[in-house]
Amino acid sequence: MSDTRTPLSRERIVGAALRVIDEEGVDALSMRRLAAALGVQAMSLYNHVDGKADVLDGVTEFITKDMQLPRHTEGGWEDGIRSVAHGFRRASLRHPRACELVLTRQLSSPHALPTINCSLTVLLDHGFDEAAAVHALRLLISFQVGSLLREFHSPAFKGEEESAVQERRARLEASGFGAVAKLAPRLAVIDHEAEFTFGLELLIGALRAYAPQTQQTRRD
């Protein structure tokens with residue numbers, strides 16, 4: 001139940017929108033649904049927000065702030081990239097339905113810029129040239145968006161019911177494909193955190209070829 005005694009504000013509207021999205025998904029959100037959740041008339045919302053798009057911008061901004069991006073990173077650029085990537089993932093998992101807004105919105109959105117700026121700053125501060133920094137940023141974004149969207153929509157989760165795992169394993173073992181059958185015990189389960197870390201570390205390893213210190217060592 002909403003406390004109608006609490007003054008209506010943009011912050012309160014965004015909070016209610018986030019709850020609706022978390023529970024029912026983005027498609028369920030409308031100004032009428034939001035007003036009902038807050039216990040007010042729909043028209044009163046427009047005194048604080050411009051409309052649904054503005055509310056979604058507010059939700060995106062909230063999630064971006066929830067990532068708690070580091071102002072300064074300790075260690076080298078690798079640690080900085082790890083910090084940003086894992087912070088992004090943790091915030092995403094707290095609000096998986098809402099976070100698809102962040103993952104699929106245009107990078108030109110002002111609410112996406114803090115994450116982008118943090119990643120670029122890490123790379124530039126450690127001597128990556130501008131072209132390499134932008135290429136690395138886009139590569140990392142593609143990996144994070146793809147892996148998180150797959151995780152959100154994957155039918156296989158670590159910790160799911162054992163019967164579902166065993167059923168999937170049996171189907172894979174009976175597939176008639178040698179490699180698939182051999183690796184069926186591993187394919188039947190997905191540890192999404194391990195998969196994310198594995199992929200991130202592969203990307204960081206590949207980016208070392210473009211790091212200034214590595215280039216200097218090769219010239220020497």
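The values are calculated or read from the model by the stated rules, or taken from the named source; none is laboratory data. Predicted, not measured: the structure shown is a model, and the values here were computed from it. Reconstructed Cβ throughout: ideal geometry from the backbone, glycine too, with neighbour counts over all protein chains shown. Just the protein is used for accessible areas: all its heavy atoms, side chains included, with ligands, DNA and RNA removed. Shrake-Rupley method; radii C 1.70, N 1.55, O 1.52, S 1.80 Å.
If you take the residues of region 197-214 that are in a helix (DSSP H, G or I) and small (Gly, Ala, Ser), which of them is farthest from residue 89 (Cα to Cα)? For region 197-214, the residue satisfying everything is 209.
The number of residues in region 113-136 being open to solvent by less than 60 Å² (accessible area, probe 1.4 Å) and within 19 Å of residue 76 (Cβ to Cβ) comes to 11. The residue that is nearest to residue 143 (Cα to Cα), counting only those in region 183-196 that are assigned to a helix (DSSP H, G or I) and open to solvent by 50 Å² or more (accessible area, probe 1.4 Å), is 195. Of the helices (runs of 4 or more DSSP H) contained entirely in region 68-166, those carrying at least 3 residues that are more than 14 Å from the chain's Cα centre (by Cα) and modelled with pLDDT of 90 or more fall at 77-94, 113-125, 130-153. In this structure, residue 176 does satisfy being assigned to a loop (DSSP other than H, G, I, E, B), modelled with pLDDT of 90 or more, out of contact with any helix residue (DSSP H, G or I) (no Cβ under 8 Å at 6 or more places or on another chain) and open to solvent by less than 90 Å² (accessible area, probe 1.4 Å). Taken across region 39-59, residues that are surrounded by 17 or more Cβ atoms within 10 Å (Cβ to Cβ), outside any loop (DSSP other than H, G, I, E, B) and without any contact (Cβ under 8 Å) to a residue 24 or more places away in the chain do not occur at all.
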